[in-house]
Amino acid sequence: MARDKNKNTRKDGKKAFAGGRPTDKQGRRTTGSIARTRRVVAIVGNLIGAAALLVGIGAIVWLLTLTAAGNSISSAVEDDVAGTSTIAFPTLMAFLSMTGFFFGQFAVRGRWGLGGGAPLSGGNFTVELRPIGVALHAVFLAGAALAWLLVMVLPVVADARGAIDIPDGSSAAEQLWFTVTVYGALTGVLAAMVAVSLLKKLTYNRSLRANEASIANGSPSQRWWRRFSHIWRAELGIAGAGGAALGLSPLGVHLDSAAYGVGALALGGALSAVAVLAALNSWRSGLPVERVESYT
């Protein structure tokens, strides 16, 4: 392959270490035992993540179908009289999925390094991530929103229409609405975090380029934004809290409580506005959005 004389970069986008050992654009070796290990971790991690996610989704669909038909969880799982263990199972699958995808996607798109930051200023470790495309990010957002509609809105609408005919206070009713509440909140969290992350992706680099000259490295403002946004990604946490409130707001219809619905909408809207404002100002850290820092 022909190489750029100045950057030692091949035309296929790959670089080379001294000595001719090929690396990718992130400086990771593409040959040898390290590269083979990374490929194995990528395949295994992503397969585990995808399989656990599908199992979790299937379990939620089964839970809603079973309980909406008037059957308690114990009728299918005799040892789980209260149903809490079975309802918690999809959450465990979600954590397993996130763990699998974390290692799998890190192996595909990430590079770990030492940050060398001072305590309370910079992180001790860094991760450089090759970001996913905007189109794929939008697909993830649509998937999260669809999951929320199916888990929360569909049961509430069916209940309002009288399609769910089970006695109030029965085990099946309690387990149905507990499932709706738990996973309505979680899918709301996920959708809101993905949405704010997408907003940040669309605006961050442009804002950073336009305002880079105004950022004083090491100033109190820059250090604060570095901790708040670049290290802790706090705007995503705030977005998640707002998404949980928004995700639960349709329950006001089931509870026949306008105060609950309006209150959840107001709280969720306020938190979401704060998250959006923080995301639009996160460029003030002066650091690349593709780079992540941590203390541990």
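The values are calculated or read from the model by the stated rules, or taken from the named source; none is laboratory data. This one's a predicted model, so the numbers in the text were calculated from it and none came from an experiment. When we count neighbours, we look across all protein chains shown, and the Cβ atoms used for this are built from the backbone with ideal geometry, even at glycine.
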Query raised in the report: Restricting attention to region 85-105, which residues are within 14 Å of the chain's Cα centre (by Cα) and among the hydrophobic types (A, V, I, L, M, F, W, C)?
Result: A94, F95, L96, M98, F101, F102
Report task. Scan region 231-253 and give yes if some residue there is modelled with pLDDT under 95, of a type outside the set (S, T, N, Q), out of contact with any Ser or Thr (no Cβ under 6 Å at 6 or more places or on another chain) and not in a loop (DSSP other than H, G, I, E, B), otherwise no. Result -> yes
Query raised in the report: Which residue out of S197, S214 is out of contact with any Gly (no Cβ under 7 Å at 6 or more places or on another chain), among the polar types (S, T, N, Q) and surrounded by 16 or more Cβ atoms within 10 Å (Cβ to Cβ)?
Result: S197
Query raised in the report: If you check every pair at least six apart or on different chains, which have Cβ atoms under 8 Å apart with a residue in region 88-102 that is closer than 15 Å to V189 by Cα first and a residue that is charged (D, E, K, R) second?
Result: none
Query raised in the report: With respect to D165, is the statement that it is of a type in the set (D, E) and in a helix (DSSP H, G or I) true?
Result: no
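Residue-by-condition table, conditions (1) more than 30 Å from V157 (Cβ to Cβ); (2) at pLDDT 90 or above:
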site	(1), (2)
A18	yes, no
T31	yes, no
R38	yes, yes
V55	no, yes
L64	no, yes
A82	no, yes
S85	no, yes
A88	no, yes
W112	yes, no
Query raised in the report: Of the residues that make up region 221-231, is at least one within 29 Å of V292 (Cβ to Cβ), touching a helix residue (DSSP H, G or I) at 6+ places or on another chain (Cβ under 7 Å) and among the hydroxyl-bearing types (S, T, Y)?
Result: yes
Query - When residues of region 254-287 are limited to those that are part of a loop (DSSP other than H, G, I, E, B) and in contact with a His (Cβ under 9 Å, 6 or more places away or on another chain), the one nearest to P131 (Cα to Cα) - result: L287
Query raised in the report: Restricting attention to region 150-162, does a residue exist that is surrounded by fewer than 19 Cβ atoms within 10 Å (Cβ to Cβ) and in a loop (DSSP other than H, G, I, E, B)?
Result: yes
Report summary line: Contact list, first residue from region 36-65 and over 17 Å from L146 (Cβ atoms), second anywhere and at pLDDT 95 or above and aliphatic (A, V, I, L, M), beta-carbon distance below 6 Å, six or more apart or interchain, is A52/M93; A52/L96; V55/M93
Requested in this report: Could you run through region 114-149 and say how many residues are assigned to a helix (DSSP H, G or I) and either in contact with a Lys or Arg (Cβ under 9 Å, 6 or more places away or on another chain) or modelled with pLDDT under 85 (or both)?
Outcome: 2
